Amino acid sequence: MLEMNYGCGSTVNPRDLVNSPNILYLGVGGGMELLQFAYFSRKPKGIIGVDVVEEMLEASRQNFREAEIQNSWFSSEFVELRQGDALNLPVADATIDVAAQNCLFNIFKAEDLKKALQEMYRVLKPHGRLVLSDPICETEMPNNLKNDERLRALCLSGAMPLKDYIRMITGVGFGMIEIRAKRPYRVLAPGQYDTDKLIFIESVEVCAIKDPIPADGPCVFTGKTAIYYGNEVFFDDNKGHTLLQNQPLAVCDKTAAALGALGRDDIFISEATYFYDGGGCC
Ligand SMILES: C[S@@+](CC[C@H](N)C(=O)[O-])C[C@H]1O[C@@H](n2cnc3c(N)ncnc32)[C@H](O)[C@@H]1O
């Protein structure tokens, strides 16, 4: 499974996996993350694995058999494999608690990406979670690379800027977004690829929650933190946010902007760290 790991981060986070959830994993690869999910959801058909390529399904099926031998807690019955397309998921509406994909959505161009996200939204229960791991790129990708199907399939040239990626996700209705990690991934260098500029690619881990979008827009946590360092025991903005003296509070970008707009000299607001691990203002 490790040799067949084609992901660019992790979508498996115990925080999402309480109460033995129903999981959908799209783009199974060698099956490693499905095995990891199975650890938290030990029930027959607890995980639906969907892939469009029969050979990939067969490879993961074989790996699950081997995993059964090596892990006494695991049974292949925990995973149900279905052949199907990300753009037309063979999964019923509102039946999934956690849907995941790793290094698949970046291969899609905008129209297909929108459809794939809409499909994930459709199958998730209300408040369900979509967990994604994908490359992103802040440098404008040259068109010749963008349209190179082989490079796209290698997860190298479909990457888009993080803001656009988030806008696509909120655009289909997800009201809460968590950027959980961002790290360096690849470099496309002149001489090795058909580009005259160096292209730096990162990978992100994102969780999108199927909560309604608030009237003032989606809550996006990019890893910003507010700390009140005034002389009182706490600061209350009377809008639902209480900052205890010298205690960090994770804030979404909207709250960070609202606190910043107060113009106070006793509230520190950090830059985005792209590391959000729960809790906070919303
Ligand atoms: C880069 S691999 C990632 C595999 C796995 N998620 C991992 O992290 O190792 C992409 C996977 O998505 C599958 N795939 C490609 N296009 C698909 C589509 N339209 N619908 C469903 N699966 C697709 C491929 O067969 C492959 O298993």
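Tabulated values for the structure
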quantity: Scattering curve values for region 145-276, log₁₀ I(q)/I(0), Debye with Cα scatterers, q = 0.10, 0.14, 0.15 Å⁻¹; calculated: -0.46, -0.75, -0.82
quantity: Per residue Cα convex hull volume in Å³ - calculated over region 90-131; calculated: 66
quantity: Between helix 162-171 and the chain: long-axis angle, C-alpha atoms, 0 to 90°, nearest 10; calculated: 80
quantity: Distance (nanometres) between label positions extended 7 Å along Cα→Cβ at A94 and K146; calculated: 3.8
quantity: Distance between region 1-75 and region 148-197 - C-alpha centres, whole angstrom; calculated: 24
quantity: CD proxy at 222 nm, helix term only [per DSSP H run n ≥ 4: -39500 (n - 2.57); per residue of the chain; nearest 500]; calculated: -7000 deg cm²/dmol
quantity: Interatomic Cα distance distribution for region 1-97, bins of 10 angstrom, percent; calculated: 16, 52, 30, 2
quantity: Stokes-Einstein D (µm²/s) once Rh is taken as the Kirkwood radius of the chain over alpha-carbon pairs, at 4 °C in 1.567 mPa s; calculated: 64
quantity: Of all DSSP beta bridges in the chain, antiparallel share, percent nearest 5; calculated: 55
quantity: Net lengthening on full extension, E80/E138 (0.36 nm per residue, minus Cα-Cα); calculated: 17.2 nm
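A short reminder: the numbers here are calculations on the coordinates, not readings from a lab. These figures come from a predicted structure and were not determined experimentally. Every residue, glycine as well, gets a Cβ built from its backbone with ideal geometry; the counts of neighbours run over all protein chains shown.
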